[in-house]
Each structure stands twice: as C-alpha cells, then as structure tokens.
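S.K.: Take this structure first; my questions come after.
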Amino acid sequence: MASKKAEDRDFAYHVRLLAQSARDTSASSDATQETAILDSIKQLHAMCEGHIDLVGTINTPMSKLFQRCSASISQYRSSTCLLMLAMLQFYLDFGDYVLHDADPSLNIFFKSCLSRLYADRTVACATLDFLNHNKRKLLLSHPALLPQYFPLLLKIIAWNGTIVAESFLQLFPALMGPSSFLPLFLALLDLPTLVLALENLECRSGSLLSNNVSMIQKSPAPEALLALMDEAYTGSSTPDQGGDSGDESSTSKDEAEALFADLLRDENDGLAERHWTFPGMAAALEAVMGSARSDRLKQSINLAPRLLQLYFQVAIRDVDDSLLCALLPTLFLRIDAMFPDKNFSSEAQKKCLEFMLAAFQRSPELISIVKKPIIDKIGQPYSSPAKAELALQLCWAVGEYGGGGPSHKAAARELFECLELLLYENLSSRNARRVGDPSRVLSEGTIHERASQARLLSVVVTAITKLATCHRELVPRAHVCLAKVARSHQVLDKIVWRRARDYLGLMHEPAICSSILGPTSGNNDQAGTIRWADANSKAVTHIPFFLLQEKEGPPFHDFTLSDLLGLA
C-alpha cells in the first residue's frame, strides 16, 4: 500500500514538472532544466508501460511541451533534441491510446531540430539509435518518412563518419523506398562530394550547428524523371547546358556550387539535376578540395562503397524490374562521372558493374528493355577506361543472356547488329594501322591499347556466337562475322583469331554449341544439352572438344556423337 502511494506521489510530481515546463518559456534557455525534464519523461514512460490508463493524463502536458520545444527554433541545443526524441518515443509507443498521430511530430523534429543539429555528435548518435529502435514501427506506420529525409540522414554519416557508421548501416535499408530508390543511388555516389559541400559551408559560416542550410529550390523531379525515361527507352541523353557560358573558371565554380546546393537539401525532392554532364565537374571539385584531404573526406571515401554494396544487395533482393530498368541508364551515365579519387572511383565502378551483371542475371529481359542505352554505350567512343570496361561487360551480358532471351528476337537482332558493327570497326582500324606503318615500333601505351582491344574483340566474338546460338536465325550472319575474323589472322592477336576459328568449328555441331555457349538458363530441356552441374557424377570430361583444345586433325574417339548424347 505504501509502495502504491509512493508511485502515485512520484507520478504526480513528474506530471506537475512536465506541465510547469510546458508553460514556462524561460526553461527553454536552461539546459539543466531540460535534462531534469528528460528524466521525468523517461520515468513517466516506464510508469505507463504497466498502467495504460495513465497515458491520457500525460498526453496534454506532453503535447504542450513538444509544441514549446519546436517553437524555440533559434535556441536549439542537443538537450532540446534529446527531449524531443523522448517525447516522440512516447507518441510512438502510446499514441494509439489517445488517438495521437505521430507523423506531424516526426516531421517537425526532422525539419526544425535535426536539420540544425545533425552535426552535433550527441544528437546524431541519439537520432540513429531512436530510428533503429523504432525502425519496424516507422516502416509499418510511417513508410514515407525515412525515404523523404534520407538527404538529411546522409549528412549525419557524411559529417560524423565512422563514429555512427554501424548504426547508419543498420538503418540504411529503411531509407530505400519507391520515391528514394533512384535519387539515393546518386546521393551515395556523391557522398564524398557532400562532405566537401559541408566543409565548404562550415568554412564560410563558421559552424554548422544551429544553422539550417537547407536550400529552397524548385524541385527538378518531373523534368529529370522525363529525361531519364527518354534515355531508358530511346537511348538519348540530356545535352550539356553549361559548356558555352562565358569564363571557364567561373562556370566551373558555379557548377560546383550548384551541385553543393543540391546535395545540401534536407528532403528528397526527386531526381537531382545532372550536374555531372558538365565536363569540368571533376576539375572543379579537385580545385575546391585542394591538395590536403580531411579525415572526414577520407572516411566518406571508404564508407561510400560499403553503402553502395548494401544498396545493391537490397535492390537485387527486393526491388522490382521497373525500378531496375530506370536505374540502369543512370548507372551507365555515372560510371565515369564520380568524385575524383582514384581508389573511390575504381571501387565504386567495380560495385556498379557487379550489380549490373547481377541485375541481368536475375532478369535477363531487362537487356531487351534497355537495349537503346546499351547500344549507345557499346557504340560510343571509349574516352575513359571506365567507359571501355562498361562496354565490354555489356557485350558479355548481351551474349550471356541471349539479348534478353529466346522470346526477344527483335531486340536480339538490334543488339547483334551493334556487336557486328563494333567488330567491323575494330577490324578496319587494325587494318588501317597495319597499312599505315607496318614496321613501326610499338610504344607501351600502344601495346596496352592493343591488349585492351584484343580483350574487347574476344568478348565481342563470343557474344556474337552466343547470340546466334540462342537465336538460330542469326547463325548465317554470325558465320560471316567469324569467317572475316578468321581471315584476319595477320592483323589480329592470336587469341582472337583462334577463338573465331574455334567458334566456327563449334557451330557446325549445334547440340554441343548450344550446351557450351547457349543461354545459362532455360535450355536444360533441349535435346543434346549437357547438364554441366552434374559433371562430378557423369563422365562429361571425356567429350572430345578438340576444337576448344586448339588441336588439329580429326577427332580421336571411337564412338559417334549421337551415341554420346543419347540421340540415336
């Protein structure tokens, strides 16, 4: 009985303190008072867990106190944010009992409090802990909240780095939604650039604390989305608008400032403007960065690939094909438009290419849907190693997955023609160089260029053969292509020439060709197809693939192919 009276007395004391604080505006300038109120809120929260009927008594002073905190915008401190987080926890846990919708309160916290104190380490850690603790509730009851404010949450990881990395990685999948999927990819690629933008802002303003840096801009989402869709289905790209606008250094600075302003937004306004279409963007960022890199920037360079990897894992697992179809052209565009750090760009490009191949493996029909940008990227001048590698990987994917599969014959024909043209152009350039100066000494750069070209041609020849294997109507054209390569042994690397000869011979045995070079899925039931996954239990190693082994002369087996494949 005495214990019950003590609990009632404590409850009355905490409610009275709460009500007094809600009325007393002078308390807003007293951090010590806010700490005491925070303790009272936690005590009241614990009491309500065992006695739900107490929630109604607390709700009114709690709402008034939250309104007072949100009104004192100019006096925000870390203690104010912690106080608001405690009240938000109360609303999420007990709001249903008093018909309180927590959504407006959550938006107020992000817009008025976190937007000013994301650079405060205490607030950053407390916010991420709060969001992780309530992640399930937020996804069920407020699914649009985290995708809406992902730019603000990225500021937390950009500014606080490895201190909050693990908490942020736990929260990260919840940031991905239909509205944030595409812009989040671009934001992750630009995470090191966001650090530059924040450091530049701090240098100009003196401090990021209690300073709302959100830029009010017209949302470019509708125009950018239309441009992206146009590129996905027609292969066209947005023209550069800033190449001819006066002084080059001034233009570079303006472009960098525009990119910074876009990255410093607090809310997701849709797809960002394509600042990276400006050819001098990398140089402009290097000028802003200077010779010395801060610890924050180094941390973001290491964190961004980890976040990209997690983003791609979630995308492959959970995202539907329509969003992947929209993402791929953007990925093609940004493959060589990244923050100018060699290690970062190399790692990010590797992650992007791995994801692209994984997406095609999951849904081969994507190749036929985005065939226009694929053709554009395969046929474009390879002005950077990243573009050359993208083209090579696309050629491989086109052949590996039959241009989208057996049912996409029109798309496969267009892709075949693109590969055919690429092959003939490379053969012509080889012949022209040989005729021009057959005795010239090759430099190291020329040797590397020829090795890269040989690698590309090997993939192109393989892709042509695979496409023809999947789509039999392309076999005659494939024979012509391979024969032309086989006759060009004097100007081609030996490996390319031999591969073309091997494929020509292999195509005379359709069953074996289909088994070896046919699509990786969907052809296991065709006559003559060998199940390579069963190689550990079946003697497939005795099949005399003398063509692939580069052996001359007749076969050396004493049984027929029909006996071997069970077709007799």
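S.K.: Projected onto the charge dipole of region 282-354 (+1 at Lys/Arg Cβ, -1 at Asp/Glu Cβ, origin at the Cα centre), which of Ala292, Val319, Ser346 gives the Cα projection farthest towards the positive end?
M.R.: The residue sitting farthest along the positive end of the dipole is Ala292.
S.K.: Could you let me know the centre-to-centre spacing of region 305-338 and region 138-210, using Cα atoms, in angstrom?
M.R.: 17 Å
S.K.: A follow-up question, please. Would you work out which of Leu139, Ala165, Ala126 lies farthest towards the positive end of the dipole of region 120-168? Charges go on Cβ: Lys and Arg +1, Asp and Glu -1.
M.R.: Toward the positive end, the furthest listed residue is Leu139.
S.K.: Step through the residues of region 505-518 one at a time and calculate ³J(HN,Hα) from phi using the Karplus curve (6.51 cos²θ - 1.76 cosθ + 1.60, θ = phi - 60°), rounding each to whole Hz and writing x for Gly and Pro.
M.R.: x, 5, 5, 6, 10, x, 5, 5, 4, 5, 5, 8, 10, x
S.K.: Related question: Can you work out the FRET efficiency for the pair Tyr424 and Asp321, with r the C-beta to C-beta distance and R0 = 35 Å, to the nearest 0.05? Can you show the working numbers first?
M.R.: On the way: r = 33 Å, r/R0 = 0.95.
For R0 = 35 Å, the calculated efficiency reads 0.60.
S.K.: P(r) for region 27-112: what percent of alpha-carbon pairs falls in each 5 Å bin, starting at zero?
M.R.: 3, 15, 29, 25, 18, 9, 2, 0
S.K.: Assuming 0.36 nm per residue, please report the length gained on full extension of the stretch Ile163 to Lys42 beyond their Cα-Cα distance.
M.R.: Answer, rounded to one decimal: 41.0 nm.
S.K.: List residues of region 180-200, by number, whose backbone nitrogen lies under 17 Å from a label position 7 Å along Cα→C-beta of Ala292.
M.R.: The answer is 196, 199-200.
S.K.: Also, quick follow-up: Could you report the accessible area of Asp93 in Å², rounded to 10, computed with a 1.4 Å probe on the protein chains as they sit in the structure?
M.R.: Approximately 50 Å² for this residue.
S.K.: Among rounded, prolate and oblate, which fits region 4-148 when a ≥ b ≥ c are the square roots of the eigenvalues of its C-alpha gyration tensor, a/c under 1.5 means rounded, and a/b larger than b/c means prolate?
M.R.: oblate
S.K.: Starting from the Cα gyration tensor of region 253-378, take the square roots of the eigenvalues, sort them a ≥ b ≥ c, and report rounded, prolate or oblate (rounded when a/c is under 1.5, otherwise prolate if a/b is larger than b/c, else oblate). Intermediate results must be reported in sequence, preceding the final value.
M.R.: Details: a/c = 1.88, a/b = 1.64, b/c = 1.15.
Prolate.
S.K.: Using a Förster distance of 56 Å, how high is the FRET efficiency between Val98 and Ala358, based on the Cβ-Cβ distance and rounded to 0.05?
M.R.: Computed FRET efficiency for Val98 and Ala358 comes out at 0.75.
S.K.: Can you give the FRET efficiency to the nearest 0.05 for Asp24 and Asn343, using r as the Cβ-Cβ distance and R₀ = 60 Å?
M.R.: Computed FRET efficiency for Asp24 and Asn343 comes out at 0.65.
S.K.: Ok, one more. Give the separation of the Cα centroids, region 278-302 to region 477-505, in Å.
M.R.: When both Cα centres are located, 46 Å separates them.
S.K.: With charges only on Cβ, +1 for K and R and -1 for D and E, what is the dipole size of region 290-432 about its Cα centre, in debye, rounded to 20? Intermediate results must be reported in sequence, preceding the final value.
M.R.: Details: 17 positive and 16 negative charges, 85 e Å.
It comes to approximately 400 debye.
S.K.: Run the quick spin-label model on Glu414 and Lys484: label points 7 Å from Cα toward the beta carbon, then report their separation in nm to one decimal.
M.R.: 2.1 nm
S.K.: A further question on this structure: Within region 61-105, what whole-number % of the accessible surface is contributed by carbon and sulfur, with the 1.4 Å probe and all protein chains included in the calculation?
M.R.: 53 percent
S.K.: May I ask you to evaluate 6.51 cos²θ - 1.76 cosθ + 1.60, the Karplus curve with θ = phi - 60°, for each residue of region 334-341 and list the ³J(HN,Hα) values in order in whole Hz, giving x for glycine and proline?
M.R.: 9, 4, 10, 10, 9, 3, x, 10
The values are calculated or read from the model by the stated rules, or taken from the named source; none is laboratory data. Please read these numbers as outputs of a predicted model, since none were measured by experiment. Neighbour counts run over all protein chains shown; Cβ positions are idealised from the backbone, glycine included. Heads up: the accessible areas ignore ligands, DNA and RNA and are worked out on the full protein's heavy atoms, side chains in. Shrake-Rupley method; radii C 1.70, N 1.55, O 1.52, S 1.80 Å.
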